[in-house]
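In what follows, a single structure is set out as structure tokens and then discussed.
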Amino acid sequence: MNSMAKCYVGTYGKYNGGSLFGKWLDLSDYPTYQDFLKACKELHKNEHDPEFMIQDWEGLPDGFSSSEWIGEGDFNDIKEAMQEEEKATVKIVDYSEKAIAVVGDTKTIKDQLKKMGGRFNPKLSCGAGWIFSKTKIEEVQKFLTVGELSQAAAPKVKKDEKLWADYKALLVKAHGESRANEYMKDTSNLMRAESGIIIAFEKEKINAGTFWFHDEGANYEYYKQVTKDEESKRRYFLRENFSKFDDLIKELQSRKRDYADVVPTYCEIEWCSLGKLGYANGVHTYRLCHVIESEQDPRDRHLIHRMSENEIKQAIAILKEERAKFEKRLQAYLKRYGISKVSFNTYWADR
């Protein structure tokens, strides 16, 4: 499922008057920023001079932060990033009465597509891609979903096909096909606990918003060091984005947090038998006393599971793998935007 940036546009005037009237606008529907503004003005034409307010966002491309309004530069950057994501997404196109096409970034799977009988054609009307007979659609869909080839001569793949297939089946049962595809897109890795429960690692999002500091004391001195030049800002941006991985790996390895003993656990989602992580790409690390108290509570006893030594080692290995993948995305982001979209501000504190 491709990411399409949508925003819910109201106005400050209506909002302050107690009205949330507005509409979801899909940025892909507007070729230019002027077209987008025209749609906003038409939506709120009952106001003489409306001050537009974006009240919610969906589907923002990686590295973009939600805001209450966007200028032309940000609009164009989001549109460009959406186009790049579209190119990178592998999808099936209903090409003709007898054929389907697989288009997108297929370089890493070209050998598998060829083994399934696909023929590459750079001049398709939908863009360069691989042509298949429609009789192959189920086989192609299965491969793109779980990485599994039906042919006996299929090469080995690193992905655990059954694990991913089981995961999607649980999601479909709990949420339906459409929502399941959304969850699949946001899932970066999986592990099966010894209990049989599947623990999903969410795809980490790039934090490219505003970093806040106190405006006095040691924190303010640190702020001055962080913002002294572009390279210092870049290092801070990377360090903060890596912190979720680095802090959690350290906690899992040392079993300590803030000088207190912690216990690695995962939480079961009762209604779909999936493991829920503490936060993106993480597992819970609870203080020992909290775990003991929760185990005595009949409401929580079956939902909180202590991790075994083997499970902890597996989780650490996955987190390190995810960190390496995330680093590539961060470097690609910096190469494209630098830190132009990142801001460093101070706020009043202890006043």
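The values are calculated or read from the model by the stated rules, or taken from the named source; none is laboratory data. Remember, predicted model here, so these are calculated numbers, not experimental data. We place every Cβ from the backbone using ideal geometry, glycine too, and count neighbours over all the protein chains shown. Ligands, DNA and RNA are stripped out before the accessible areas are found, and what is left, the full protein with its side chains, is counted by its heavy atoms. Shrake-Rupley method; radii C 1.70, N 1.55, O 1.52, S 1.80 Å.
For the range 94-114, the set of residues classified as closer than 17 Å to Ser133 by Cα, out of contact with any Lys or Arg (no Cβ under 7 Å at 6 or more places or on another chain) and surrounded by fewer than 17 Cβ atoms within 10 Å (Cβ to Cβ) consists of Asp94, Ser96, Glu97, Lys110, Lys114, listed by residue number.
Scanning the range 19-48 for residues that are in a loop (DSSP other than H, G, I, E, B) and either open to solvent by 70 Å² or more (accessible area, probe 1.4 Å) or among the basic types (Lys, Arg) (or both) turns up Leu20, Phe21, Pro31, Lys45, Asn46, His48.
Within the range 133-146, the set of residues being within 13 Å of Lys91 (Cβ to Cβ) and more than 26 Å from the chain's Cα centre (by Cα) comprises just one member, Ile137.
The set of residues from the range 215-263 being open to solvent by 60 Å² or more (accessible area, probe 1.4 Å), outside any helix (DSSP H, G or I) and on the phi < 0 side of the Ramachandran plot comprises Glu216, Lys228, Asp229, Lys256, Arg257, Asp261.
Results for (1) touching a residue at least 40 places away in the same chain (Cβ under 8 Å); (2) in contact with a His (Cβ under 9 Å, 6 or more places away or on another chain), shown as yes or no for each residue.
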residue	(1), (2)
Ile316	yes, no
Glu321	yes, no
Lys325	yes, no
Leu330	yes, no
Tyr333	yes, no
Ser340	no, no
Tyr347	yes, yes
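Count of the range 120-144 residues, restricted to those that are basic (Lys, Arg) and exposed (fewer than 13 other Cβ atoms within 10 Å of the Cβ), is 1. Within the range 159-174, being in contact (Cβ under 8 Å) with a residue 40 or more places away in the chain and either open to solvent by 60 Å² or more (accessible area, probe 1.4 Å) or touching a His at 6+ places or on another chain (Cβ under 8 Å) (or both) holds for one residue alone: Lys173.
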